[in-house]
1. Along Cα→Cβ, 7 Å out, is where each label goes; now give me the distance between the ones at Leu110 and Arg71 in nm to one decimal.
2. How would you order 117-123, 176-182 from highest to lowest mean count of nearby Cβ atoms within 10 Å?
3. Most fluctuating residue of Arg35, Arg23, Arg71 in a GNM of the chain with Cα springs under 10 Å: which is it?
4. Please label the shape of the stretch 114-162 as rounded, prolate or oblate, based on the square roots a ≥ b ≥ c of the eigenvalues of the alpha-carbon gyration tensor (a/c under 1.5 means rounded; beyond that, a/b larger than b/c means prolate, else oblate).
5. Of Gln40, Gln59, Val195, which is farthest along the charge dipole of the chain in the positive direction, counting Lys and Arg as +1 and Asp and Glu as -1 at C-beta?
6. Name the residue, out of Ser84, Ser55, Ser205, whose mean-square fluctuation peaks in a Gaussian network model built on the chain with Cα pairs under 10 Å.
7. Provide the FRET efficiency to the nearest 0.05 for the Asp96-Arg181 pair, computing r from the beta carbons and using R0 = 22 Å.
8. So if we plug the beta-carbon distance of Ala144 and Ser55 into 1/(1 + (r/R0)^6) with R0 = 35 Å, what FRET efficiency do we get, rounded to 0.05?
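The values are calculated or read from the model by the stated rules, or taken from the named source; none is laboratory data. Quick caveat, the model's predicted, so the values are computed rather than measured. Cβ placement follows ideal geometry from the backbone for every residue including glycine, while neighbour counts extend to all protein chains displayed. The accessibility values were calculated without ligands, DNA or RNA, using every heavy atom of the protein model including side chains. Shrake-Rupley method; radii C 1.70, N 1.55, O 1.52, S 1.80 Å.
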Amino acid sequence: MSASRATPLGPGPGDRARGGTPRVALAELLAGNRRFVSGQPVHGHDVTAAAASASGDQQPYAVLLGCIDSRVPLEAIFDQTFGSICVIRTGGHVLDRAVLGSIEYVVDVLGVPLVMVLGHERCGAVDATVGALRTGRRPDGALAHLVDRIAPAVTEVGVDDPQVQPLAIRRHVRRTVAALRADPILSAPLAAGRVAVAGALYDLSTGEVALLDPP
Ligand SMILES: [Zn+2]
């Protein structure tokens, strides 16, 4: 691609962007996670230079929706640099109108071919939801909004299931993926194969990202 700025640190921003396929984007993202897990990241050494390199028009190749959890910094765990990925983080990766609008923009306007929803184990937002459902006490304030959005996944698993936490996280990721696939703005590029929506889980202990439903 003409925007290529390949460096000894690996591909630069825009190298795999607009016009790339979902399959290539997913492979690139997972390759970055393998570099991270193996302790051989190629990005992150010179962030000042990387910022300057990416300061023109942005051409990211993926948009990620993840949790706010401080142990799950998305650019780091996928070994991505400035300009490579768009990142949206909410408690329990809750999808609401603002998040959906952001994803529609990235797919529709920027032409990004991959949307990934990334859940993680021991998610505090899922814990809060399980607690709220077990006690019948809805949290005060806007936290209730997060709990309400996660509650269907917990209820589907069964709030008293001993494995409710890990199972509800998976269910919640799959429900979020399904909601994105049902979005009217995303439906045309999805049907045409120009974009894919993938769900994945991050392992806090190993740093590995595993696709929930590999293609
Ligand atoms: Zn979380």
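1. Modelled inter-label distance: 2.8 nm.
2. Details: 117-123: 22.6, 176-182: 16.9.
Most protected by this proxy first, the peptides run 117-123, 176-182.
3. Sorting by GNM fluctuation, first place goes to Arg71.
4. Values: a/c = 2.02, a/b = 1.31, b/c = 1.55.
Taking the square roots of the gyration eigenvalues as a ≥ b ≥ c, the stretch 114-162 is oblate.
5. Result: Val195.
6. Result for the chain, Cα springs under 10 Å: Ser205 fluctuates most.
7. On the way: r = 17 Å, r/R0 = 0.76.
With a Förster radius of 22 Å, E is 0.85.
8. Details: r = 40 Å, r/R0 = 1.14.
Efficiency, rounded to the nearest 0.05: 0.30.
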